[in-house]
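Worksheet: one structure, shown below.
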Amino acid sequence: MPYLSELYYQAYQAADPDRKSLILIHGAGGDHLSWPSQLRRLSGYRVFTPDLPGHGKSRGHGLQRVSDHGTALAAWIRSLELPRVFLAGHSMGGAVALWLVVNHPELFRGLALISTGARLPVNLTLIEELAAPQGQPAVVDRICRWSFSPGAPDSLIQGVRKSMLGIRPSVLSGDFLACDAFDLSQELGKIALPTLVLVGETDKMTPLRFSEELAGGIPGAELEIIPDAGHMLPLEAPELVAERLRAFLERAQGEGSIA
């Protein structure tokens, strides 16, 4: 897999110029594999799935502000030299996606926000525990408990736990500091792209009200609630998310305002 602008990424059907391009941004404590194959290989699209700075195989030490992640990704996207792309983000990745479309709208043709919000406040106790590396296992356990619906398979939960425990404590701590400092609630009206907001019905990390704020603040945004799914919506319902995302992308391509 390639590196570009210090970021590692996976590319699906990258050599096919006839396909529209989609970029997927993972959430806190994740990497490109946080997106299941149904989305990383979404049929009919060129899909680019980067590891954020300090995550997965990307270089760097992690960042503590959403805007810094956004700046790094903007440079990476420009380096790809693609026509305007579709952008999707999950959780903290959704915050990064929001920052990107507010600050670099010329790069994008549509936006999908999954299990995220215009504000992402974090419990102070969690931030304090993450500041001490020895506190990471207990915090990761708690995050995993909060991130899935009651019916999620234990194997899925344990897979996320193992992956998150493999991240340097400073990077995980930085992710949650970045989330806590993030607030674009006053900027949503600036977004002039077709936008889909997806949320799991039982999401405890970014409850439904966060998605309602997004859909209410972004002109023309669509809101869809996925039943019986939690915060890790792409992992819990990959086929359904892929179906909803593909249908949205097709609608967005049909809108005359999209170049």
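Every number here is computed from the coordinates shown, using simple stated rules; none is lab data. What you see is a predicted model, and the numbers here were worked out from it, not measured in a lab. Don't worry about glycine lacking a Cβ; one is built from the backbone with ideal geometry, like all the others, and counts go over all protein chains shown.
Computed from backbone phi with θ = phi - 60° and the Karplus coefficients 6.51, -1.76 and 1.60, the 3J(HN,Hα) list for the stretch 39-52 is 9, 5, 10, 4, 4, x, 10, 7, 10, 10, 10, x, 8, 4 Hz; x is used for glycine and proline.
Excluding same-chain residues fewer than 8 positions from K204, which lysines have a Cα within less than 24 Å of its Cα? The reachable lysines, counting only those whose Cα sits under 24 Å from K204, are K162. Under 22 Å Cα-Cα from K190, which lysines qualify once same-chain neighbours fewer than 8 residues away are excluded? Reachable lysines: none. Annotation: extensible slack from V102 through E250 equals 51.0 nm (criterion: 0.36 nm per residue apart, minus Cα-Cα distance). Helix 66-80 against the longest principal axis of the chain: what's the angle in degrees, Cα atoms only, rounded to the nearest 10? The answer is roughly 40 degrees. Note that the stretch 121-134 has calculated 3J(HN,Hα) couplings of x, 10, 4, 4, 4, 4, 4, 5, 5, 5, 5, 9, x, 5 Hz, one per residue in order, obtained from phi through the Karplus relation 6.51 cos²θ - 1.76 cosθ + 1.60 (θ = phi - 60°); glycine and proline are x. From the coordinates of this entry, semi-axes √(5λ) of the Cα gyration tensor in Å is computed, and it appears in (1) 32, 22, 15; (2) 30, 20, 17; (3) 26, 20, 18 under the label (3).
Taken as Cα centroids, the stretch 1-30 and the stretch 80-96 sit 10 Å apart, rounded to the nearest whole angstrom. Of all DSSP bridge pairs formed entirely within the chain, close to 25 percent run antiparallel.
In this structure, the amide hydrogen of Y8, modeled 1.01 Å from its nitrogen in the peptide plane, lies closer than 5 angstrom to those of D51, S58, R59, counting only residues at least 5 positions away or on a different chain. Taking the DSSP beta bridges with both ends in the stretch 1-146, the antiparallel portion is around 30 percent. Each of the peptides 130-138, 25-33, 150-158 was scored by the mean count of other Cβ atoms within 10 Å over its residues; in descending order, highest first, they stand as 25-33, 130-138, 150-158. Shape class of the stretch 116-204 from the Cα gyration tensor (axes a ≥ b ≥ c, square roots of the eigenvalues): oblate, since a/c reaches 1.5 or more and a/b does not exceed b/c.
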